[in-house]
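To start, the structure under review is shown below, and the notes come after it.
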Amino acid sequence: MADIPIDFNEEALMGMIKAEAEAALTESLKVVENECKNTCPIDQGQLRDSVHIEGPVWLAPLYAEGRVVAGSKDIPQAFFQEFGTSAHGPVKARAMHFFWKGEEIFAKWVRGCTPLRWMSRAVDLSLPLVDMIFQALAMKTGGLITFVTGKKPADVNIPYTVKGPEGK
């Protein structure tokens, strides 16, 4: 065998890997964001307009994370629509006071609402397309970057966040 010197630029390879992975992750997050906007319950459109992407952010040399977020401190209905509420009444007062669809309401008791799971359903609907994006990335990089495929939606953890009344 001939002794052939090979010049290997590890920094350039890592840069290429990061750029390709970040592009695929960003594209996947946009797919999930669009599906969330399509499946969210709409009354006045505030919830739909609050859906946005955070990231991707590199947490380690080979670990990036991004997420789709809905709701905020000013838009608490995202949390309540996703996870539901139980029947409840006032804690210290004689009645609850709130505005609903432009009407002022005083109530001693409310039924609550059933969870719609709109955001988790949107993630499940997005999985086949996200899987295709990462399969294309694996083919483009010659198998250097791989993504676990063939799993049921419940087994794949695509992060999404629904913020509650406290904005957390």
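The values are calculated or read from the model by the stated rules, or taken from the named source; none is laboratory data. Worth saying up front: this structure is predicted, and the values here are computed from it rather than measured. Cβ: placed from backbone, ideal geometry, glycine included. Neighbour counts: every protein chain shown.
Do we find a residue being farther than 30 Å from Trp109 by Cβ, among the small types (Gly, Ala, Ser), touching a helix residue (DSSP H, G or I) at 6+ places or on another chain (Cβ under 6 Å) and touching a residue at least 40 places away in the same chain (Cβ under 8 Å) anywhere in segment 17-35?
Filtering segment 17-35 down to residues farther than 30 Å from Trp109 by Cβ leaves 17-35.
From the residues that got through so far, the ones that are among the small types (Gly, Ala, Ser) too are 19, 21, 23-24, 28.
Next, from what is left, pick out any that are touching a helix residue (DSSP H, G or I) at 6+ places or on another chain (Cβ under 6 Å): 24, 28.
Now narrow it down to the ones that are touching a residue at least 40 places away in the same chain (Cβ under 8 Å): 24, 28.
Scanning segment 17-35, I find at least one residue that is farther than 30 Å from Trp109 by Cβ, among the small types (Gly, Ala, Ser), touching a helix residue (DSSP H, G or I) at 6+ places or on another chain (Cβ under 6 Å) and touching a residue at least 40 places away in the same chain (Cβ under 8 Å), so the answer is yes.
Conditions tested, residue by residue: (1) surrounded by 13 or more Cβ atoms within 10 Å (Cβ to Cβ); (2) at pLDDT below 85; (3) outside any strand (DSSP E or B); (4) under 11 Å from the mean Cα position of the chain (by Cα).
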residue: Leu29; (1), (2), (3), (4): yes, no, yes, yes
residue: Val32; (1), (2), (3), (4): yes, no, yes, yes
residue: Gln44; (1), (2), (3), (4): no, yes, yes, no
residue: Arg48; (1), (2), (3), (4): yes, no, yes, no
residue: Glu54; (1), (2), (3), (4): yes, no, no, yes
residue: Val69; (1), (2), (3), (4): yes, no, no, yes
residue: Asp74; (1), (2), (3), (4): no, yes, yes, no
residue: Glu82; (1), (2), (3), (4): yes, no, yes, no
residue: Lys92; (1), (2), (3), (4): no, no, yes, no
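So which residues in segment 82-120 are within 24 Å of Gln44 (Cα to Cα) and either of a type in the set (Phe, Trp, Tyr) or in contact with a helix residue (DSSP H, G or I) (Cβ under 6 Å, 6 or more places away or on another chain) (or both), if there are any at all?
Selection gives Glu82, Phe83, Phe98, Phe99, Trp100, Phe106, Pro115, Leu116, Trp118, Met119.
Would you be able to tell me the number of residues in segment 106-158 that are at pLDDT below 85, outside any helix (DSSP H, G or I) and within 15 Å of the chain's Cα centre (by Cα)?
So the answer is 3.
What are the pairs, 6+ residues apart or on separate chains, where a residue within segment 48-65 that is among the small types (Gly, Ala, Ser) has its Cβ under 8 Å from a residue that is loosely packed, with under 13 Cβ neighbours inside 10 Å?
Ala64/Val57
So which residues in segment 81-131 are touching a residue at least 12 places away in the same chain (Cβ under 8 Å) and charged (D, E, K, R), if there are any at all? Before the answer, list the steps.
From segment 81-131, those touching a residue at least 12 places away in the same chain (Cβ under 8 Å) are 81-90, 94-96, 101, 107-127, 129-131; that's our starting set.
Residues satisfying the conditions are Glu82, Arg94, Lys101, Lys108, Arg111, Arg117, Arg121, Asp124, Asp131.
Using the structure shown, decide if Ser120 is of a type in the set (S, T, N, Q) and surrounded by 13 or more Cβ atoms within 10 Å (Cβ to Cβ).
Values: of a type in the set (S, T, N, Q): yes; surrounded by 13 or more Cβ atoms within 10 Å (Cβ to Cβ): yes.
Yes, satisfied.
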